[in-house]
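Since the structure comes first, as structure tokens, the remarks are kept for the end.
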Amino acid sequence: MKKRIFLSLTLITFLSTFIFNVFIAFFMYKQLTDQESVNLKSEASYISQVIENNFTSFSYDLDKFQTKNRITVISSLGDVLYDNLHEYTSMENHLYRPEIQSALKSGSGSDSRLSKTLGSQTFYYAQKLENDNILRISFTTSSIYSMIYNSMPTFLLMSIVFIFISLTLSKHLTNYIINPIHPSNPDIYDELLPFVKKIDSQQKYIDQQKYELEQRILEFDAISENIADGLILLDTNAHIISINEQAVKILGNTNLSYVSKPFINLTRIIKIQDCVKRAYKGELVDSTNQIRDNFYSFRFSPVMYDLEVLGVVVLIVDNTIQIQNDQLRREFSANVSHELKTPLTSISGYAELIKTGIVKPDDIVPFAEKICNETAHLIDLIEDIIKVSKLDESHESFDFSSINLKDLIDNIAYRLESFANKSNISIKLELFDVNINAVSSILNEIFYNLIENSIKYNKPSGNVLIKMSILNEYVVTEIVDTGIGIPHRAVSRIFERFYRADTSHSSEISGSGLGLSIVKNGINLHGGQIEVTSVENIGTTFKVFLKTSTDTL
Ligand code: ADP
């Protein structure tokens with residue numbers, strides 16, 4: 001308010017200075033020209049007498065006449081007969097000049113004309129003589145425009161001085177008006193006291209509310225930006241009031257701003273748009289959508305007040321892992337059923353045959369042996385399934401302890417020695433003492449599976465080399481075999497559950513296809529990594545990276 005009063009006063013002073021200056025310029029100009037017109041008339045009347053009393057040559061007398069004005073004598077046909085300032089013989093015809101025309105008609109006439117550059121203005125007075133010639137007196141002065149233009153520097157200087165004075169005065173005047181209204185002033189106008197106090201308390205209340213609101217917005221922004229889920233608030237017209245970074249990442253372009261824009265600018269997925277429409281009808285809508293490679297659960301909640309929808313809150317939760325796990329579980333159950341069914345069908349087949357009594361006594365032993373083998377396979381399978389399921393469960397239940405990896409591998413190699421001997425496979429160990437923090441049974445499972453595979457998928461009289469090295473904080477264990485290898489297309493899939501690479505040799509080798517899946521999950525549990533390189537018919541190398549524990553070596 002103070003600023004406005006101050007500015008208004010300054011503006012008024014400035015404008016009045018300007019108008020006053022222009023007005024003065026006009027007034028002075030008018031005075032000057034009026035005076036000069038009177039002078040022209042009296043000079044014309046005097047000169048006309050001189051001319052009329054002279055019967056020989058008026059030019060001789062007029063040349064001697066002392067005047068600052070221009071004297072011109074023009075014939076009734078417009079020819080210039082005399083001019084005291086210019087060479088009149090070459091002058092153009094003046095018949096149609098306005099002042100000459102009116103002098104011919106009514107005895108006298110006047111006119112004023114601006115020069116082309118507007119720099120000067122000439123005033124003319126014409127009088128008809130007795131011999132019908134016209135006497136014209138004229139004088140030239142600066143035009144009003146050039147007067148104003150010439151007075152510009154003065155005007156500017158005056159304006160600056162006035163503005164300076166008006167600024168100082170306006171400031172004082174503003175303080176004089178405003179200070180008695182300000183609540184902090186003890187000399188407040190009595191009439192205004194209750195009013196000003198009320199306004200002051202209301203202002204304080206509004207400031208407080210504004211501060212609290214700003215704090216809430218900050219808190220809301222902080223919460224909404226830090227939650228892992230996407231959150232969008234829409235107003236009554238489906239325009240975005242607020243949207244967090246997560247929601248933009250999921251639906252939009254992170255380089256664009258979507259606040260105050262229609263929701264349709266964010267996504268054009270028809271299914272999502274339909275859900276928003278339903279939410280605006282008051283319905284709570286849940287929907288799952290695949291966007292790029294991920295699956296998201298969307299919840300569209302209408303914000304209701306008095307049975308009217310004021311807006312919609314959209315919550316987006318990334319459910320990719322859950323959905324993928326559900327899918328894996330479904331696949332796993334289907335595979336388990338399939339894998340269990342095969343040996344069970346075989347067992348039940350042989351048992352049925354024995355039960356009917358049609359089996360020859362000599363066949364009973366081989367049949368029983370087949371039943372035993374299938375049962376052993378079934379038990380292995382079930383054990384593997386239990387191990388996989390255990391690794392899927394919460395990792396908190398596992399017991400970690402410091403384990404000497406060399407001892408663990410030595411022991412496994414010893415246990416598998418007779419199995420290797422059957423195919424005349426030699427196992428070479430290049431190990432050193434190193435401790436890792438691990439779950440003993442799972443670590444055992446990891447290396448047992450890998451070493452067993454290196455023997456199982458080896459060629460007769462092949463080799464297996466198990467060697468250790470240290471890379472930063474990791475102990476790297478390589479299991480290198482000279483076996484059948486893994487086809488290039490299968491390498492990326494061998495860690496999948498129940499996956500078995502299809503090669504000419506592998507069909508005779510028994511297995512569940514769960515071993516490497518247990519290995520992979522087990523290594524993940526220990527925060528390690530596994531790499532595989534393989535060339536068909538040449539051999540395979542598995543590299544296991546596990547973190548050494550602090551009490552190592
Ligand atoms: P399985 O019970 O069939 O051995 P795994 O999960 O241990 O199941 O292995 C999955 C598949 O990976 C195997 O069927 C086999 O085709 C391939 N594989 C694993 N280890 C080796 C290896 N050392 N050499 C060649 N192929 C291997």
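Annotations
- With kT/(6 pi eta Rh) evaluated at 25 °C and eta = 0.890 mPa s, and Rh the Kirkwood radius from Cα pairs, the range 310-365 diffuses with a coefficient of 155 µm²/s according to Stokes-Einstein.
- Scaled to the globular estimate 2.2 N^0.38 Å, the Cα spread of the range 167-254, given as radius of gyration, is 1.93.
- Judged by the gyration tensor of its Cα atoms, with axes a ≥ b ≥ c, the range 350-483 is oblate; a/c meets the 1.5 cut and b/c is at least as large as a/b.
- Size descriptor, Kirkwood hydrodynamic radius, that averages inverse alpha-carbon separations across the range 93-252, Å: 25.3
- Descending semi-axes in whole angstrom, ellipsoid equivalent of the range 280-339, from the Cα gyration tensor: 37, 12, 7
- In the range 343-487, the DSSP beta bridges split such that about 70 percent are antiparallel, to the nearest 5.
- Rel. contact order, % - alpha carbon contacts under 8 angstrom, at least six apart, the range 248-329: 20
- Classification of the range 451-513 by its C-alpha gyration tensor yields an oblate form. The axis ratio a/c (a ≥ b ≥ c) is 1.5 or more, and b/c is at least a/b.
- Computed magnitude of the charge dipole of the chain (debye, nearest 20; Cβ of K, R +1, Cβ of D, E -1): 1280
- Principal axis box of the range 1-109, alpha-carbon based, largest edge first, Å: 82, 28, 28
- In sequence order, calculated HN-Hα J values of the range 381-388 (Karplus, 6.51, -1.76, 1.60; Hz; x Gly/Pro): 4, 5, 4, 4, 4, 4, 5, 4
- The range 59-108 - Rg (one decimal) and Dmax (whole number), Cα, Å: 11.5, 30
- Structure-based [θ]222 nm, the chain - -39500 (n - 2.57) summed over DSSP H runs of at least 4, per residue, nearest 500: -16500 deg cm²/dmol
- Of every Cα-Cα pair in the chain, the percent that sits beyond 42 Å: 66
- Only Cα pairs under 8 Å and 6+ residues apart enter the sum, and on that basis the relative contact order of the chain stands at 7 percent.
- Orientation-averaged projected area, Cα convex hull of the range 250-319 (nm²): 4.9
- For the range 223-342, the square roots a ≥ b ≥ c of the C-alpha gyration tensor eigenvalues yield an a/c of 1.5 or more together with a/b exceeding b/c, which makes the shape prolate.
- For the range 83-144, the spread of Cα positions along each principal axis, largest first, Å: 36, 26, 18
- For residue 370, the solvent-accessible surface computed with a 1.4 Å probe is close to 100 Å², ligands and nucleic acids excluded.
- Looking at the range 399-482, the DSSP beta bridges with both ends there are about 70 percent antiparallel.
- Of the beta bridges in the chain, as assigned by DSSP with both residues counted there, near 95 percent are antiparallel.
- Per residue, the convex hull around the alpha carbon atoms of the range 285-405 comes to 257 Å³.
- Degrees, to the nearest 10: 320-356 long Cα axis against longest axis of the chain: 20
The values are calculated or read from the model by the stated rules, or taken from the named source; none is laboratory data. No experiment lies behind these values; they were computed from the predicted model shown. Counting neighbours? That spans all protein chains shown, and the Cβs are built from the backbone with ideal geometry, glycine included. Ligands, DNA and RNA are stripped out before the accessible areas are found, and what is left, the full protein with its side chains, is counted by its heavy atoms. Shrake-Rupley method; radii C 1.70, N 1.55, O 1.52, S 1.80 Å.
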